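The values are calculated or read from the model by the stated rules, or taken from the named source; none is laboratory data. Not measured: the values here are computed from a predicted model. We place every Cβ from the backbone using ideal geometry, glycine too, and count neighbours over all the protein chains shown.
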Amino acid sequence: MAEQDVNSEDPANHTLPHIPEDLLQFIRRDTYSLLVKGLAGTGKTTLALSILNVLGMKNNFFYISTRLSPKQLFQYYPWLKDFIQQSMAPDTNLTRDNEMMSTFEDARLDEPESLFERITNQLMDIKSPIIIIDSWEAIASFMDREARLNNERVLQTWRERAGAKLIFISEQPADTTLDFLVDGIVELRQSCYNNLKVRQIFLQKLRGTRIIRPSYLYTLENSIFHSFTPYQRINFETQKRDAADLIDVPTRDTIKTGYPVLDASLGSGFPRKGMVLLELDSHVNMTIALLFLQRIVSNHVLSGNPVVFQPVSWMQSSSILHFFETSLPPIKKSLLKIIGTGKNPSADQLVGALVKMKHKYRNKVLLNIMSNESLQNTHGAINVRGTLTNKLSSILTHADLSIALLTRSQADIFDFVSEISTIHLRLMMINGTLFLQSLVPSSNLYSLIFDRRSHLTLKPVV
């Protein structure tokens, strides 16, 4: 694959690393020194190995490990073996294994003096333009301050003369000894957001490279570093979509979402005769919700099952219909019904449409998608819960699955629907990046990944 395509948001590339664009420009330079800081478990080794992958460095590098043996590295990063073998000529397995291991140095028992000499020798070898020291403290801790500073200066000088790339990994973020010497500094941190683990990379210094965005969220799924691109506004009306690659037919108990990772966390999909609450955070607009629902709708219709959708009143029926129909063949378009985009959409209109569609497609699975406006006219009722119970009971009776798009602005409606929902999903924005979370049942965060055609996939945050 061409280098410029490595950071593509194409779902087919989700097994490849994704590095923040500012950092990507920096590591593509001919020579530099980079300090990767972070506490244990934040993904420093994963980032270093992912940099090798992004740059396509399959054999002209030297990895010095003071914490793991090469065998353990290949065990914890199974993609690494296949990546390196791509550059090797066919040979016996033993020869290939020895050649792979030769670029990884097991330095757990080495003396600092001999290890430092080995590093300088590698810097004089033009076959090793990238040297990764994982971690630097294991070497530097055996030196006094004056010797350490002198050796660090020597490494920088040799690195510059050799035109090499030198990456230091540090597990002591508070240690600033190397900060003034290296060309770049990134720090990896992890924290909790609503009791879920969130990882964040901070670009503190990239000499010669403009830092447009100082921090990004990332995941370590499949032992690969993948940073998330911040959301940029999408005009869904202009996007063309292909038919779904996979059609999952609803079963007796479940209805597939079209997102395999989400189906797995929900227990194989949405439950039949269930109620799904899709909560939109205050920073998430209806366009994003439609982009998420597009795969669910197309997956359902392509399997031969009808969908009734009653959106908010300010959205044009023709625009919504065009958006969904671009992913459907003409023969399937009659299965999709958009209703009630007038000034006063009501639950009665929705029930009427459900009855007609259920009668027309008697043996099919009917999916109902509705917005809060379908239930808003109950807001002034004396018995809000009683009125909501009657309306939702009628809706749920006729639909095989209902999805309600709600915000917290209508508190009474939101709280009631939340109580009766079997599934509660939330679309939210964290640090400018879109995520999906399943609150009921509880799950990890999923990042919303858009490719160049605005096709959406979900990537777990681990």
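Just the residues that are touching a helix residue (DSSP H, G or I) at 6+ places or on another chain (Cβ under 9 Å) and surrounded by fewer than 21 Cβ atoms within 10 Å (Cβ to Cβ), please, taken from region 187-219.
LEU203, ARG207, GLY208, THR209, ARG210, ILE211, ILE212, ARG213, PRO214
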From the options VAL351, VAL308, VAL284, VAL355, residue that is touching a residue at least 60 places away in the same chain (Cβ under 8 Å) and either under 21 Å from MET428 (Cα atoms) or surrounded by fewer than 20 Cβ atoms within 10 Å (Cβ to Cβ) (or both): VAL284
Flag for ALA147 being in the same structural domain as ARG67 (by TED's automatic domain parsing) and either closer than 16 Å to GLU111 by Cβ or free of Cβ contacts under 8 Å to residues at least 40 places away in the same chain (or both): yes
Close pairs from region 363-387: first within 30 Å of VAL249 (Cβ to Cβ), partner among the polar types (S, T, N, Q) and modelled with pLDDT of 75 or more, Cβ under 6 Å, at least 6 apart: LYS364/ASN305; VAL365/ASN305; ASN368/SER402; MET370/GLN310; SER374/GLN310
Any hit, region 205-221, residues being over 18 Å from the mean Cα position of the chain (by Cα), assigned to a strand (DSSP E or B) and without any contact (Cβ under 8 Å) to a residue 60 or more places away in the chain: yes
Flag if LYS337 is over 17 Å from SER402 (Cα atoms) and over 30 Å from the mean Cα position of the chain (by Cα): no
Subset of region 353-376 [part of a helix (DSSP H, G or I) and at pLDDT 90 or above]: ALA353, LEU354, VAL355, LYS356, MET357, LYS358, HIS359, LYS360
Failed criterion for THR176 (all others in (1) part of a loop (DSSP other than H, G, I, E, B); (2) touching an Asp or Glu at 6+ places or on another chain (Cβ under 8 Å) hold): (2)
Among residues of region 386-404, those that are buried (at least 19 other Cβ atoms within 10 Å of the Cβ), aliphatic (A, V, I, L, M) and part of a helix (DSSP H, G or I), counted: 3
Within region 49-104, considering residues that are at pLDDT 80 or above and among the basic types (Lys, Arg), the one farthest from ASN121 (Cα to Cα): LYS81
Region 19-74, subset assigned to a strand (DSSP E or B) and within 26 Å of the chain's Cα centre (by Cα), residue nearest to LYS197 (Cα to Cα): GLY38
Subset of region 125-147 [surrounded by 15 or more Cβ atoms within 10 Å (Cβ to Cβ) and either among the β-branched types (Val, Ile, Thr) or farther than 20 Å from ARG67 by Cα (or both)]: SER128, PRO129, ILE130, ILE131, ILE132, ILE133, ILE139
Among residues of region 312-339, those that are under 16 Å from ALA399 (Cβ atoms) and buried (at least 21 other Cβ atoms within 10 Å of the Cβ), counted: 3
Residue in region 106-122 that is modelled with pLDDT of 90 or more and either surrounded by 17 or more Cβ atoms within 10 Å (Cβ to Cβ) or under 23 Å from ILE27 (Cα atoms) (or both) present: no
Evaluation of SER443 against (1) part of a strand (DSSP E or B); (2) farther than 30 Å from MET357 by Cα (one fails), failing number: (1)
